[in-house]
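Presented below is the structure to which this report refers.
The values are calculated or read from the model by the stated rules, or taken from the named source; none is laboratory data. Please read these numbers as outputs of a predicted model, since none were measured by experiment. Cβ atoms come from the backbone with ideal geometry, glycine included; neighbour counts cover every protein chain shown.
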Amino acid sequence: MIVGPRGPTYVAGAFPGDLVRVERARVERGAHVKLVEVVEAGPERRTPACEVAGLCGGCPWMAWDYAHQAAHKRALVSRVLGREVELVGEDDLGYRRRATLSFRQGGLFGFLETRTDRLVDRRECAVLAPPLQAALVAIRARLGGLRGRGELALARSHAGAVATIRTADAQPAAVYEACAQLVQDGSLLGLALTIEGLAPAVFGDPTERTLGADGIELVGTTGGFSQAHDQKNDLLVRSVAELAEPAGKRVLELHAGHGNLGVLLAAGATSYVGVEIDRAAVDALRANLERRGLDGKSVCEDAVKYPRGSYDVVVLDPPRRGAPDVVERLAREKPAAVVYVSCAPTALQRDLQPLRDAGFAIDRAIAFDLFPQTPHVETVVRLVRA
């Protein structure tokens, strides 16, 4: 951050105490101040584990000492909530069990350069879990013939990896043959190739299958959402269940996904209803409940249109944009407790206000660093009627 006559300007890649040279630049996503050179490194800067950390947008904080990363995230969440908050995290590498990369014609795979649409080609990535790193190497070797541009989503499934490729560009027969070979030779457990407007071509089983926080297999979806950090996700799920206290209660979960939280919330609850708009995730949630012998209802619906009824506790885990319409309804209907899981502190701050205005008060909050080396932070908040 540089403080000038018009106030602070945030410079990507610069950290507190750095002496830097910058220039104003125009890029694909607008104008910003670009870091040109670190003239003198500040005391909080360190040598990153990846040589392109200052260029690639995947890990923009890798050159920042982790103790200061963690302190910043804890302070941010504490400021948003107006109370001191614990942060659970550590300086991890090789932790990502899922990642979405971009690809470009010519066999280029990687993350986008910060604030641009330019791809930083990578053969290795310091934060990918070993099965994903091995899969990336194999995909680069086999799928150099991909045409156009698109996305490559990698996810760990048990001891191996699955992949989903999404693109608007038609692909030659050789690409389909290479996809089949990646599964046949064991490089991937499954792969789905999706051309916009067409049904996906599926090779093997591209469904993500992991262990839930209860130690039982959790079936996900093909190319769907799941948390990226195994160990911290388990801690997050257990904390949500602890704060929700579902035993003997009527539980409603919104943005329920495939059951990452739901399998613990439904255990012991008098009733459980999980609401999710994605049909594949709804089917997976139902299957995960049945696999555990748990009673529960899985509803395919927009979260704001959740079924009417009496609920003791409502748990919601919305996307980054938050859930302003949902919290307005909750503020009117006033369940006894709300547990909100957020990956965006600013959206969380906005969404909590209607609940606070309706007489809810925060009584517990924990932050989780599910994405070390990045600015992202996850927060779990419990609100109860005052």
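Here are the numbers:
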read-out	value
Qualifying residues in the stretch 130-162 (those that are within 18 Å of the chain's Cα centre (by Cα) and touching a residue at least 40 places away in the same chain (Cβ under 8 Å)) - the one farthest from residue 207 (Cα to Cα)	151
Residue among 382, 329 that alone is surrounded by fewer than 23 Cβ atoms within 10 Å (Cβ to Cβ), in contact with a helix residue (DSSP H, G or I) (Cβ under 9 Å, 6 or more places away or on another chain) and not small (Gly, Ala, Ser)	329
Qualifying residue in the stretch 269-288 (condition: small (Gly, Ala, Ser) and farther than 25 Å from residue 207 by Cα)	yes
Residue selected from the stretch 24-55 under the condition of a type in the set (A, V, I, L, M) and under 21 Å from residue 67 (Cβ atoms), by the criterion modelled with the highest pLDDT	49
Checklist (1) among the acidic types (Asp, Glu); (2) within 26 Å of the chain's Cα centre (by Cα); (3) under 26 Å from residue 57 (Cα atoms) applied to residue 205, failing item	(3)
Selection count where residues are over 15 Å from residue 326 (Cα atoms) and part of a loop (DSSP other than H, G, I, E, B), scope the stretch 289-308	5
